[in-house]
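Quick notes on the structure that follows.
Here, each number is a calculation from the coordinates, and none is a lab measurement. Fair warning: this is a prediction, and the values are worked out from it, not measured in the lab. When we count neighbours, we look across all protein chains shown, and the Cβ atoms used for this are built from the backbone with ideal geometry, even at glycine.
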Amino acid sequence: MPMRIIRQKAKLQAQTRDWRRSGETIGVVLTMGALHDGHLSLVRAALARADRVIVTVFVNPRQFNNPEDLENYPRTEESDARTLAPLKIDTLYVPAPEEIYPSGFSTTVSVSGVSDGLCGGDRPGHFDGVATVVTKLLLQTDADYTFFGDKDYQQLQVVRRVANDLDLKTEIVACPTVREEDGLAMSSRNLRLGSGARATAPVLGRVLESAANVIGRGGNVSQALETAHQALLVAGFDKVDYFEVRSDPGLLAIETADQPARLFAAAWLNGVRLIDNLPIPVLTQTTNSAQLCEPA
Ligand code: PAF
């Protein structure tokens, strides 16, 4: 069967009811479109796990704290549909805004703790918007499984919390970050980097990796973070929103990496906000943090 494009909740639910009647499981990949290989890796994971696969495309206004960012967000439905066609998913769900936020809609799903700080600090209301739309889409699609990338690690923890706290039946499956050959984490926002900025962007991943290694070897955390911050500015980033170590999976702010931890960064380059994160490896040798982060 060719992929169906569905825009109405009622039609989607007629379809999922049919699948349920035949005892089939449903895997769902939630996206805002502008699909890249990172999304496709989630779709492949869904195809391997579930009998039926739905990909949703909805640019969710409630998770944008900046109207200009919402306006500039790429909307590429036709090319997204072409990209998905060869993967043989069952349904592309592109809900009209009123299918998600009908008139009178007044409920917000708000998660405390893991939403605090990092992107939650810099983008007020962002994770309320994410948690609300994810809850709605998982219920509308009747998902058994949904697939989230480690790239948006704080989002992944927020969604896990929602599923757990609200007894959603959906299993949240984490998938590794997919990177370009030069190490840049794939993101729909990368389309907005000009060619000069695109050449600089992979420095973020490299700086993150060196800092994670220094910290993993027992180097001084605040010194490693400061060195990394400066390395980004020297490489040409305009501003660093955060460079922080957090406990994993609780995402509590920590000053020493003496427990499972992750390093998180968000920085602006040519008007585009890039984020990335890596686990702090458990290493043995001590390294001088002054050796870290040579700009490209
Ligand atoms: O990661 C995204 O693309 C969005 O935050 C999501 C999960 C589709 C919710 O709008």
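Its residue count N fixes a reference of 2.2 N^0.38 Å for segment 103-201, and the Cα radius of gyration divided by that reference is 1.24. Using Cα atoms only, what is the angle between the long axis of helix 221-235 and the major principal axis of the chain, expressed in degrees (0 to 90) to the nearest 10? Result, in degrees: 80. Inverting the pair-averaged 1/r between distinct Cα atoms of segment 1-139 gives 16.2 Å as its Kirkwood hydrodynamic radius. By the Cα gyration tensor, segment 82-132 has an equivalent ellipsoid whose semi-axes, rounded to whole angstrom, run 29, 18, 9 from largest to smallest. Which of the GluC sites (Glu not before Pro) found in segment 13-79 are in a DSSP loop and have at most 14 neighbouring Cβ atoms, other than their own, within 10 Å? Here the GluC sites (Glu not before Pro) that fit, given the DSSP loop and packing criteria, are Glu24. Principal semi-axes of the equivalent ellipsoid, √(5λ) from the alpha carbon gyration tensor of segment 141-296, are 27, 21, 12 Å from largest down.
With a ≥ b ≥ c taken as the square roots of the eigenvalues of the C-alpha gyration tensor of segment 195-282, please select rounded if a/c is under 1.5 and otherwise prolate if a/b is larger than b/c or oblate if it is not? Prolate shape, in that a/c is at least 1.5 and a/b is the bigger ratio.
Run the Debye formula on the Cα coordinates of segment 188-237, all scatterers equal and no solvent, and tell me log10 I(q)/I(0) at q = 0.17, 0.18, 0.26 1/Å. These q points yield log10 I(q)/I(0) values of -0.55, -0.60, -0.92. Between Asp51 and Asp258, the FRET efficiency from the beta-carbon distance, with R0 = 51 Å, is close to 0.70.
Summarise the long-distance tail of P(r) for the chain by giving the % of C-alpha pairs beyond 37 Å. Tail of the P(r) past 37 Å holds 17 percent of the pairs. Can you tell me, using C-alpha contacts under 8 Å and at least 6 residues apart, the relative contact order of segment 16-153 as a whole percent? Here the relative contact order equals 36 percent. In terms of distances greater than 18 angstrom between alpha carbons, the cross-link table entries Lys9/Lys88; Lys151/Lys239; Lys136/Lys169 yield Lys9/Lys88; Lys151/Lys239. With helices as the sole contributors, the chain gives -11500 deg cm²/dmol at 222 nm; each DSSP H run of n ≥ 4 counts as -39500 (n - 2.57), and the sum is divided by every residue.
Centre-to-centre, using Cα atoms only, segment 235-252 and segment 175-215 are separated by 14 Å.
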